[in-house]
Amino acid sequence: MTRQDKTAVEQAPLGTTLLPGVRLAELGGTELQALLAEPAGTLVAVCCVRGQAVALPHGSPLSCGEVLSLVASGAGEKCRVRPQEGPFQGVALLASPDAVAPGAAATLAGFDVDLAELVDATAHAGRAVDAAGTAVSQAFLDLAVGARGEGVAALKLRCVEALRCLCEARRQAAVLRRGPASRADIARLARSLMRQNVESPLTIGELARRCQTSPTVLKESFRAEYGMPVHEWYRRFRMLRAAELLRVGSGSISDVARAVGYSNASKFAQAFCACMGATPSAWRRAALTSGAGPEPQLAPELAEAV
């Protein structure tokens, strides 16, 4: 390789573009070092899939399942990576809000993803580490699995889900730092928490505790903001998630049921049919035939609220 070719490779953007302004990269230690020197203003979110590393000069340890988020300060920054416990493997999302086309921004907004807001929140925090086992961690680990063999369409959905989880985690952290300022804040925080806890649904009491309020105030606030009882919104949101899993995943009906918090597949099927207007099996058959599931029979307030 000539020096010119080597320079071109070093200057080439890391990763594969999934959406305008959003790239996905599979990483070893060398790639991790390179992405920490991304252009200023780039959001860098890295999940450790195997091993452990310490990124210097940030001094941020990254263990298996953890997700490190930061905003790059510029390509001239001196960075190096010290692997720990064997070779490092990971996956990263790199997002540049200024490079996102209006159409892509509108699509992301439909999933409650605002990249500019996410970059600002991450820059304000300096850097953030989401622990293993959190919704952010699970979304990035799913993304790492998908990067090894899923089609582009499914991978884009996983990418959007990972960004959505990051946005909600940063919003939730901001609310918790200052405390819910209003009943609208309580309702929005509750919605964020429910979106992040699908496989192991929260009780109303636990949801209220995390929102720093009482169950009664929580219920009143949520109904006032979204026009329906909190438990009804939660159930229907879980069914929407199940519908997406049935459409793009290959797991059994029982697997999907467990992924949305149902240990009993029969009860899941009843709830799914009542919400979506078709049984899980019928929904999957229609998706395989047409590329999209049947039109869900959702209440208008849910369609607006989610």
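Numerical summary
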quantity	calculated
Residue in the range 177-187 that is within 30 Å of Pro215 (Cα to Cα), of a type in the set (S, T, N, Q) and not in a helix (DSSP H, G or I) present	yes
Gly149 modelled with pLDDT of 85 or more and more than 25 Å from Tyr226 (Cβ to Cβ)	no
Flag for Leu193 being under 22 Å from Gln138 (Cα atoms) and free of Cβ contacts under 8 Å to residues at least 40 places away in the same chain	yes
Pair list, Cβ < 8 Å and 6+ apart or interchain, from the range 14-30 residues that are of a type in the set (Ser, Thr, Tyr) to residues that are modelled with pLDDT of 85 or more and crowded, with 20+ Cβ neighbours inside 10 Å	Thr16/Arg23; Thr16/Leu24; Thr16/Ala25; Thr17/Arg23
Residues of the range 15-40 satisfying the condition of being open to solvent by 20 Å² or more (accessible area, probe 1.4 Å), modelled with pLDDT of 75 or more, not hydroxyl-bearing (Ser, Thr, Tyr) and not in a loop (DSSP other than H, G, I, E, B)	Leu19, Arg23, Glu26
Condition broken by Val198, with the remaining ones in (1) open to solvent by less than 20 Å² (accessible area, probe 1.4 Å); (2) part of a helix (DSSP H, G or I) satisfied	(2)
Condition met for Arg177 (without any contact (Cβ under 8 Å) to a residue 24 or more places away in the chain, open to solvent by 40 Å² or more (accessible area, probe 1.4 Å) and basic (Lys, Arg))	yes
Residue match in the range 194-213 (condition: closer than 30 Å to Pro20 by Cα and touching a Cys at 6+ places or on another chain (Cβ under 6 Å))	no
Matching residues in the range 90-111 - criterion: being closer than 19 Å to Ala25 by Cα and open to solvent by 20 Å² or more (accessible area, probe 1.4 Å)	Ser96, Pro97, Ala99, Val100
Lone unmet requirement of (1) modelled with pLDDT of 90 or more; (2) open to solvent by less than 10 Å² (accessible area, probe 1.4 Å) for Arg191	(2)
Residues (in a loop (DSSP other than H, G, I, E, B), at pLDDT below 80 and either within 17 Å of Gly28 (Cβ to Cβ) or open to solvent by 20 Å² or more (accessible area, probe 1.4 Å) (or both)) located in the range 41-84	Pro57, His58, Gly59, Ser73, Ala75, Gly76, Glu77, Lys78, Cys79
Residues of the range 85-106 that turn out to be in contact with a helix residue (DSSP H, G or I) (Cβ under 9 Å, 6 or more places away or on another chain) and at pLDDT below 80, as a count	2
When residues of the range 207-223 are limited to those that are in contact (Cβ under 8 Å) with a residue 24 or more places away in the chain and not hydroxyl-bearing (Ser, Thr, Tyr), the one most open to solvent (accessible area, probe 1.4 Å)	Gln212
Residue in the range 233-251 that is more than 29 Å from Asp185 (Cβ to Cβ), open to solvent by 50 Å² or more (accessible area, probe 1.4 Å), small (Gly, Ala, Ser) and at pLDDT below 90 present	yes
Per-region count, the range 164-214, residues hydrophobic (A, V, I, L, M, F, W, C) and over 14 Å from the mean Cα position of the chain (by Cα)	15
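The values are calculated or read from the model by the stated rules, or taken from the named source; none is laboratory data. Predicted model, so just to flag it, every value in this text is computed and none were measured. Note that we place each Cβ from the backbone using ideal geometry, even for glycine, and neighbour counts take in every protein chain shown. Note: accessible area is taken over every heavy atom of the protein model, side chains too, but ligands, DNA and RNA are not part of it. Shrake-Rupley method; radii C 1.70, N 1.55, O 1.52, S 1.80 Å.
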